[in-house]
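The values are calculated or read from the model by the stated rules, or taken from the named source; none is laboratory data. Values in this document were obtained by computation on a predicted structure and should not be read as measured data. We place every Cβ from the backbone using ideal geometry, glycine too, and count neighbours over all the protein chains shown.
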Amino acid sequence: MIFSAILFFSVKLNSSSFHPALGALFLVFQLLVLLAAVLSGSKAAIAAAAGAAVLAETARWYSGKIILSSGARLKEKEMEVRQLNDTYLAVRKQRHDFLKHVSAVQYMLDKGQFSEAKAYFGGLLSGYEEVNLAIKGENGPVAGVLHHMQKKASAEGISIHYDLELPLSSLPMKDEDIAALAGNILSNSIEAAADYKASGFDDAYARLQFYKRSGLMILTCSNSTLPVPQSIIDSLFERFGMSTKEGDHEGLGTKIIKDIVLSYNGFLDYTHKGQSFEVKIKIPHIS
């Protein structure tokens, strides 16, 4: 009875697996249970203790996987919140400064400085269009991703263009899946283009297109890229660890992209020709 209680307690402790130090403590506890069973001389107690140890480790392994998965999802949500907040602040800043800009343009017009006013207005319009193209008609998480990736590309000196005939948020998916899909596609695209630019090329670009044709919603993303070995191209979207980018990239994004597409009965294709790489995704439109 005492052994049963100890073994049960051991399993319960191990199943928590919240902290590495706590895990080490649980391991010591298991060894003590086994030692006590051996000292008792009871074969049944020894067998029960060994079985409980195996069960405890299995429980800890599964709980550890759940915790890691939950931690990854939490990080994704935190990133979404940061991106959304960044987008909100960008819009708020533009609205806050709007009247000041109007006053500045009015002053230049009153002074007859028409060319200066035109140039000033052109710069303002470019800034407003940049933010508007990323968030127009989009739900919060998707707008945050598009705006964040737009800023990332600009910071890298990469020409990025969104050609969206309809909001990306209109994809028949959960918002978090759209955000993850667009985020991984654009992140891979921008990083590949950045490597291309770092190699001395000035025409680095990334282009995202979205349109609807014949009952299919089609998302394509093209970018400039350095040559990619055929062995990588052949299995790029098949498993983790594959990436078109050089260095120590994890290559997780490509597998995540494919998993999301397949979960919505979609189709994924990609082409690599010369210094260009394109991903094309087709998702059935559900009316």
Assess whether PRO172 counts as being in contact (Cβ under 8 Å) with a residue 40 or more places away in the chain and within 13 Å of the chain's Cα centre (by Cα). no
Quick check, is SER235 touching a Lys or Arg at 6+ places or on another chain (Cβ under 9 Å), surrounded by fewer than 18 Cβ atoms within 10 Å (Cβ to Cβ) and of a type in the set (Ser, Thr, Tyr)? no
Among the residues that make up the stretch 267-278, is at least one of them modelled with pLDDT under 95, on the phi < 0 side of the Ramachandran plot, among the hydrophobic types (A, V, I, L, M, F, W, C) and not in a strand (DSSP E or B)? no
